[in-house]
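**Student:** Below is the structure I would like to discuss, written out as structure tokens.
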Amino acid sequence: MSGLTSDQEQAVRSAVTTSDLKPRIISGVLLGLLALGLTYAGTVTFAALVIAIALAMAWEWGRVVRGPEIDPACIVHSAIVAAAALLAALGYAALGLVLIVMGAILVGLLRFSEGGRLSALGVPYVGIPAVSLLWIRADVSYGFLAVLFVLLVVIATDTFAYFGGRAIGGPRLWPRVSPNKTWSGFLAGITAGTLVGVVFAFFLEEASYAHLAATAFVLALVSQAGDLAESALKRGFGVKDASALLPGHGGFLDRMDGVVFAATAAALIALRGNLHEPARALLFGS
């Protein structure tokens with residue numbers, strides 16, 4: 001903001017953020033309740049939710065890196081992500097990942113002379129977390145609880161990072177990428193996310209407090225990294241929000257940035273524990 005001091009710029013940003021707070025809370029609560037209901041209802045409804053959000057994210061990715069037009073790369077991106085998610089929902093997560101790799105190559109070739117690498121990156125960015133969440137949810141014994149765990153860690157991290165940063169303030173975390181994020185908010189978010197693991201362990205029989213707290217800490221940490229990565233992408237293209245689909249939040253890319261990294265990390269943690277019972281592996285370590 002030219003002509004303003006750093007303090008004045010911060011005051012303007014604070015005023016804008018405050019004006020966005022009410023729609024942000026309302027849309028966040030409604031989205032959360034819808035996601036909770038569809039996740040609890042079963043694998044079919046959860047798959048429908050994941051695919052719908054993934055399609056929106058694929059369109060938003062193209063909108064950020066290429067512009068608002070729906071081009072062949074956007075169509076291929078969307079089709080590949082939807083097909084990979086569907087394969088994961090049907091129990092073929094590995095095939096879904098193979099399809100994502102092929103889709104990334106195809107999109108890169110379609111945009112070879114016009115920033116093809118970033119266009120190609122959008123395919124795994126959207127597709128891998130979608131496949132990861134569906135793979136974990138398909139675990140009959142603990143699928144719902146494991147997905148709920150991941151989402152609650154991200155929500156707690158994001159919420160306390162936002163309000164903790166506003167309440168405490170202090171040094172900026174990475175001002176060149178995201179001027180409003182502070183170290184105090186970062187630490188508040190990590191602490192809140194880790195506490196979700198402690199609370200989960202209290203309610204889950206035979207669960208290890210140390211395992212769930214450590215897992216939640218990792219998910220909270222990568223969730224914050226996802227937030228910064230998406231901020232860096234938008235800043236690189238001079239875009240404030242990925243879209244205006246979610247009042248107060250921007251788009252699904254803006255809302256799901258933490259989930260993208262946390263879901264992928266959760267799948268990797270589960271993969272190390274038990275290939276056939278990923279949700280159990282995530283929550284109990286084996």
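The values are calculated or read from the model by the stated rules, or taken from the named source; none is laboratory data. Being a predicted model, the structure only gives us computed values, none of them experimental. Virtual Cβ from ideal backbone geometry, glycine too; neighbours counted across all protein chains shown.
**Student:** Listed residues V126, V131; which is within 17 Å of A88 (Cα to Cα), touching a His at 6+ places or on another chain (Cβ under 8 Å) and in a helix (DSSP H, G or I)?
**Tutor:** On the way: V131 fails: touching a His at 6+ places or on another chain (Cβ under 8 Å).
Just one listed residue meets the conditions, V126.
**Student:** Additional query: Return yes or no: is S113 out of contact with any helix residue (DSSP H, G or I) (no Cβ under 7 Å at 6 or more places or on another chain), on the phi < 0 side of the Ramachandran plot and small (G, A, S)?
**Tutor:** Working: out of contact with any helix residue (DSSP H, G or I) (no Cβ under 7 Å at 6 or more places or on another chain): yes; on the phi < 0 side of the Ramachandran plot: yes; small (G, A, S): yes.
Against the criterion (out of contact with any helix residue (DSSP H, G or I) (no Cβ under 7 Å at 6 or more places or on another chain), on the phi < 0 side of the Ramachandran plot and small (G, A, S)), S113 qualifies.
**Student:** Shifting gears a bit: Out of all the residues in segment 144-173, which are buried (at least 17 other Cβ atoms within 10 Å of the Cβ), of a type outside the set (A, V, I, L, M, F, W, C) and under 18 Å from the mean Cα position of the chain (by Cα)?
**Tutor:** T157, D158, Y162
**Student:** Restricting segment 174-192 to residues that are more than 19 Å from the chain's Cα centre (by Cα) and aromatic (F, W, Y), which is modelled with the highest pLDDT?
**Tutor:** Checked segment 174-192; the qualifying residue modelled with the highest pLDDT is W183.
**Student:** Here is a follow-up. Quick one: which of I168, I136, I128, I70 is farther than 21 Å from G32 by Cα, modelled with pLDDT of 95 or more and β-branched (V, I, T)?
**Tutor:** Working: I168 fails: modelled with pLDDT of 95 or more; I136 fails: farther than 21 Å from G32 by Cα; I70 fails: modelled with pLDDT of 95 or more.
Just one listed residue meets the conditions, I128.
**Student:** In segment 193-236, what count of residues is obtained for those that are of a type in the set (S, T, Y), under 14 Å from the mean Cα position of the chain (by Cα) and closer than 15 Å to T157 by Cα? Outline the logic, then answer.
**Tutor:** Here is the first cut: in segment 193-236, the residues of a type in the set (S, T, Y) are 194, 208-209, 215, 223, 231.
Next, only the ones that are under 14 Å from the mean Cα position of the chain (by Cα) stay: 223, 231.
Then keep just the ones that are closer than 15 Å to T157 by Cα; that gives 223.
Number satisfying all stated conditions: 1.
**Student:** Can you say whether V177 is in contact with a Ser or Thr (Cβ under 6 Å, 6 or more places away or on another chain) and not basic (K, R), as far as the supplied structure shows? So that I can check it myself, show each step before the final result.
**Tutor:** Numbers: in contact with a Ser or Thr (Cβ under 6 Å, 6 or more places away or on another chain): yes; not basic (K, R): yes.
Answer is yes for this residue.
**Student:** Are any residues in segment 233-264 surrounded by fewer than 19 Cβ atoms within 10 Å (Cβ to Cβ) and either touching a strand residue (DSSP E or B) at 6+ places or on another chain (Cβ under 8 Å) or free of Cβ contacts under 8 Å to residues at least 12 places away in the same chain (or both), and if so, which ones?
**Tutor:** R235, G236, G238, K240, D241, A244
**Student:** While we're here: Quick check on this structure: which one of Y142, Y162 is touching a helix residue (DSSP H, G or I) at 6+ places or on another chain (Cβ under 6 Å) and aromatic (F, W, Y)? Let's see the steps before the verdict.
**Tutor:** Numbers: Y162 fails: touching a helix residue (DSSP H, G or I) at 6+ places or on another chain (Cβ under 6 Å).
Just one listed residue meets the conditions, Y142.
**Student:** Let me ask something additional. Given the condition assigned to a helix (DSSP H, G or I) and of a type outside the set (A, V, I, L, M, F, W, C), answer yes or no: does some residue in segment 79-94 qualify? So that I can check it myself, show each step before the final result.
**Tutor:** Kept after step one, since they are assigned to a helix (DSSP H, G or I), are these residues of segment 79-94: 79-89, 93-94.
Checking which are of a type outside the set (A, V, I, L, M, F, W, C) leaves us with none.
Among the residues of segment 79-94, not one is assigned to a helix (DSSP H, G or I) and of a type outside the set (A, V, I, L, M, F, W, C), which makes the answer no.
**Student:** Here is a check on your reading of the model: is L97 under 22 Å from the mean Cα position of the chain (by Cα) and of a type in the set (A, V, I, L, M)? Before the answer, list the steps.
**Tutor:** Numbers: under 22 Å from the mean Cα position of the chain (by Cα): yes; of a type in the set (A, V, I, L, M): yes.
Yes, satisfied.
**Student:** Condition first: in contact (Cβ under 8 Å) with a residue 24 or more places away in the chain, over 18 Å from L268 (Cα atoms) and either exposed (fewer than 15 other Cβ atoms within 10 Å of the Cβ) or among the acidic types (D, E) (or both). Now tell me which residues in segment 116-143 satisfy that. Working first, answer last.
**Tutor:** Of all residues in segment 116-143, those in contact (Cβ under 8 Å) with a residue 24 or more places away in the chain come to 118-119, 122-139, 141-143.
Checking which are over 18 Å from L268 (Cα atoms) leaves us with 118-119, 122-123, 141.
S141 - this is the single residue of segment 116-143 that is in contact (Cβ under 8 Å) with a residue 24 or more places away in the chain, over 18 Å from L268 (Cα atoms) and either exposed (fewer than 15 other Cβ atoms within 10 Å of the Cβ) or among the acidic types (D, E) (or both).
**Student:** Every residue in segment 22-62 that is touching a Leu at 6+ places or on another chain (Cβ under 9 Å) and of a type in the set (D, E, K, R), please.
**Tutor:** Across segment 22-62, the qualifying residues are R24, E60.
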